[in-house]
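Peer 1: My questions all concern the structure below.
The values are calculated or read from the model by the stated rules, or taken from the named source; none is laboratory data. For clarity, every value in this text was computed on a predicted model and none was experimentally measured. When we count neighbours, we look across all protein chains shown, and the Cβ atoms used for this are built from the backbone with ideal geometry, even at glycine. Accessible surface areas use protein heavy atoms only, side chains included; no ligands, DNA or RNA. Shrake-Rupley method; radii C 1.70, N 1.55, O 1.52, S 1.80 Å.
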Amino acid sequence: MRFLLFMFVFHVIVIQQCGAMLHPIDFLALQAIRKTLNDLPGSNFFSSWDFTSDPCSFAGVYCAGDKVIALNLGDPRAGSPGLTGRLNPAIGKLSALAEFTVVPGKIFGVLPESFSQLNNLRFLGVSRNFLSGRIPAGFGKLRRLQTLDLSFNQLTGNIPWAIGTLPALNNVILCHNHLSGSVPPFVSLRLTRLDLKHNALSGSLLPMSLPSSLQYLSMSSNQLTGPVDHLLTRLNRLNYLDLSLNRFTGCIPGNLFRFPITNLQLQRNQFTGRIYPAGFVTIPVVDLSFNRFYGEISPLFSGVQILYMNNNRFMGQVPGIMVDRLLSANIHVLYLQHNFLTGIAINPAAEIPVRSSLCLQYNCMVLPVQTPCPLKAGKQKSRPTAQCGQWKG
């Protein structure tokens, strides 16, 4: 205690000579934070952290008056080795802190519960480190939080339900962790990005569980189940949607294909039903592969540049307009293998453009053209006749 008092008195004397003075609580908090963190080899971030000088001049420390308002730990330049150590609970003493970030590195241990004391925190980003343990439930007290990025760590447990109640959230990025349990409802009408991919989340998504303000939604590579048609119908501002590699069921609403989406990833689920787009589809990339869709392929998909409809139960003829657009190189990828299609109107002498790919293997037809297919399509050119007679779509 005497040492801390001596250091603070010394700090007061030095900083008074410089014409400025950091609040003593913030000064001691920065000292504690420094003690549990170190530069990785090749990083010199902490070289400026000399507590005999003004802490507001330290690398990554930004002040307003006598308080720290932003703390950006680590060299942000690309390729920087980053930091190692633990996040000190003293972070919670920086009462005016609005922004806290740590560059990618080898920070380990848990997220301090004391973060919940930062009532002014707006931006929290600690991605690509080795954080473990649970996300503190106290994060639900951060009512001004706008961005939460804890991606690419080793976090476990549920996403605290209270986080979904935060009213100011713009971005929630929790991808590439080991989070489990269900996805909490999010109420913020400012939420534009929700990235939860590559976790172990389960359960279903309720129709009103996500706000219509979303523009980017990724829940790929989880264990989510149930229908999403009523939910998706509401999310008409989406420009990126990835629900791939889950266990979603039910049909896909036709109006989804009219949203301003540039990349639609629905592959490897258990979606079913016929697909009736509400209009001409201009989404550049659409992947509907490895589902249970059936019926005829709509010619309205001919405006898609990269289209994966393989490994479903589509039947009938391939629309002629798709063939035309493929031969004119407007369609770059058209994968239709492993369905129950019965024909395609294409001249056997037609030349597929070099930059375009067509795969028709394992359908209910004799292939009129021989085109290279991915290895996973197998070697069989056509589906056994017995299978084609059984499937009526």
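Peer 1: Can you confirm whether region 25-34 contains a residue that is at pLDDT 95 or above, loosely packed, with under 14 Cβ neighbours inside 10 Å and among the basic types (K, R)?
Peer 2: Within region 25-34, none of the residues are at pLDDT 95 or above, loosely packed, with under 14 Cβ neighbours inside 10 Å and among the basic types (K, R).
Peer 1: Applying the selection to region 273-308, what residues are surrounded by fewer than 18 Cβ atoms within 10 Å (Cβ to Cβ), farther than 19 Å from L360 by Cβ and among the β-branched types (V, I, T)?
Peer 2: Scanning region 273-308 gives T282, V285.
Peer 1: Hey, another quick one. Among the listed residues L94, L118, which satisfies the condition of being buried (at least 18 other Cβ atoms within 10 Å of the Cβ), closer than 23 Å to N170 by Cβ, free of Cβ contacts under 8 Å to residues at least 60 places away in the same chain and not small (G, A, S)? Steps first, answer last, please.
Peer 2: Numbers: L94 fails: free of Cβ contacts under 8 Å to residues at least 60 places away in the same chain.
When all the criteria are applied, what remains is L118.
Peer 1: Quick check: is even one residue across region 358-365 farther than 26 Å from F257 by Cβ, at pLDDT below 90 and either part of a loop (DSSP other than H, G, I, E, B) or open to solvent by less than 20 Å² (accessible area, probe 1.4 Å) (or both)?
Peer 2: No, region 358-365 has no match at all.
Peer 1: Scan region 183-214 residue by residue and report those that are small (G, A, S) and surrounded by 18 or more Cβ atoms within 10 Å (Cβ to Cβ).
Peer 2: Of everything in region 183-214, just one residue is small (G, A, S) and surrounded by 18 or more Cβ atoms within 10 Å (Cβ to Cβ), namely S188.
Peer 1: Do we find that N269 is over 26 Å from P374 (Cα atoms), without any contact (Cβ under 8 Å) to a residue 60 or more places away in the chain and polar (S, T, N, Q) in this structure?
Peer 2: The answer is no for N269.
Peer 1: Same structure again: Report yes if R128 is open to solvent by 10 Å² or more (accessible area, probe 1.4 Å), under 20 Å from M219 (Cα atoms) and among the charged types (D, E, K, R), otherwise no.
Peer 2: yes
Peer 1: Given L232, L201, which one is of a type outside the set (D, E), farther than 18 Å from N177 by Cβ and modelled with pLDDT of 95 or more? If you could, list the steps in order and put the result at the bottom.
Peer 2: Details: L201 fails: farther than 18 Å from N177 by Cβ.
Selected residue: L232, the only one of L232, L201 that is of a type outside the set (D, E), farther than 18 Å from N177 by Cβ and modelled with pLDDT of 95 or more.
Peer 1: Sticking with this one: Residue check, A377 against (1) in contact (Cβ under 8 Å) with a residue 60 or more places away in the chain; (2) over 32 Å from the mean Cα position of the chain (by Cα), all met but one. Which one?
Peer 2: Here A377 meets the rest and fails (2).
Peer 1: Then there is this: Which of the residues belonging to region 99-129 are assigned to a strand (DSSP E or B), within 18 Å of the chain's Cα centre (by Cα) and within 12 Å of L155 (Cα to Cα)?
Peer 2: Selection gives V126 alone.
Peer 1: Looking at (1) farther than 24 Å from G109 by Cα; (2) buried (at least 18 other Cβ atoms within 10 Å of the Cβ), which is the one condition that is false for V61?
Peer 2: Every listed condition holds for V61 apart from (1).
Peer 1: Going by the conditions given, is G85 in contact with a strand residue (DSSP E or B) (Cβ under 8 Å, 6 or more places away or on another chain), at pLDDT 95 or above, in a strand (DSSP E or B) and closer than 16 Å to T36 by Cα?
Peer 2: Values: in contact with a strand residue (DSSP E or B) (Cβ under 8 Å, 6 or more places away or on another chain): yes; at pLDDT 95 or above: yes; in a strand (DSSP E or B): yes; closer than 16 Å to T36 by Cα: yes.
Answer is yes for this residue.
Peer 1: Please enumerate the residues belonging to region 138-182 that are over 27 Å from K106 (Cα atoms), open to solvent by 10 Å² or more (accessible area, probe 1.4 Å) and touching a helix residue (DSSP H, G or I) at 6+ places or on another chain (Cβ under 8 Å).
Peer 2: K141, W161, A162, T165
Peer 1: Report whether or not L307 is under 21 Å from R193 (Cα atoms) and outside any loop (DSSP other than H, G, I, E, B).
Peer 2: Working: under 21 Å from R193 (Cα atoms): no; outside any loop (DSSP other than H, G, I, E, B): yes.
Against the criterion (under 21 Å from R193 (Cα atoms) and outside any loop (DSSP other than H, G, I, E, B)), L307 does not qualify.
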